[in-house]
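The values are calculated or read from the model by the stated rules, or taken from the named source; none is laboratory data. This one's a predicted model, so the numbers in the text were calculated from it and none came from an experiment. Glycine gets a Cβ as well: all are built from the backbone with ideal geometry, and neighbour counts include every protein chain shown.
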Amino acid sequence: MQDAREGIEQELRRRGMVGWDEPVFHQGVEVARVRKFDTTAAIFWLKGNWPDKYRENQRVELSGRDGAPIQVEGSVTFYLPAPTRLATVDIVESEPPALEGARSCEA
């Protein structure tokens, strides 16, 4: 696998950076050669060899005031099957609260 990966990387570099000569024909006769390059191969080669600079990395971090954790406030209403009662829970922390008498459902 290592040899295959290295071979592919070398080929991407060759196609993107070195290129190849492609013949140009006119009325069935080769009249010239044009140097061609594969831009997509060059892009993949750059992204693979310098990911910090060329890869599409997006990282978003959210925090509260002065870098504190974001506090979530709200309430959730659980409708449990009869004859169980209605349960409302206030949420103030980032961890979900434990419900008294709650049952887990397994599929």
Some residue of segment 33-55 being surrounded by 10 or more Cβ atoms within 10 Å (Cβ to Cβ), at pLDDT 80 or above, more than 30 Å from Arg5 (Cα to Cα) and touching a Ser or Thr at 6+ places or on another chain (Cβ under 7 Å): no
Flag if Pro69 is over 30 Å from Met17 (Cβ atoms) and modelled with pLDDT of 80 or more: yes
Residues satisfying the stated conditions in segment 1-10, i.e. free of Cβ contacts under 8 Å to residues at least 24 places away in the same chain and surrounded by 10 or more Cβ atoms within 10 Å (Cβ to Cβ): Arg5, Glu6, Gly7, Ile8, Gln10
Positions within segment 56-72 being loosely packed, with under 11 Cβ neighbours inside 10 Å and polar (S, T, N, Q), in sequence order: Asn57, Gln58, Ser63
Of all residues making up segment 56-66, the number that are hydrophobic (A, V, I, L, M, F, W, C) and at pLDDT below 80: 1
Tabulated pairs, segment 40-61, first in a helix (DSSP H, G or I), second surrounded by 13 or more Cβ atoms within 10 Å (Cβ to Cβ) and basic (Lys, Arg), C-beta under 6 angstrom, 6+ apart or interchain: Ala41/Arg15; Trp45/Arg13; Tyr54/Lys47
Hits in segment 54-78 (condition: among the β-branched types (Val, Ile, Thr) and within 30 Å of Phe44 (Cα to Cα)): Val60
Filtered residues of segment 73-92 (kept if surrounded by 10 or more Cβ atoms within 10 Å (Cβ to Cβ) and modelled with pLDDT of 75 or more): Val76
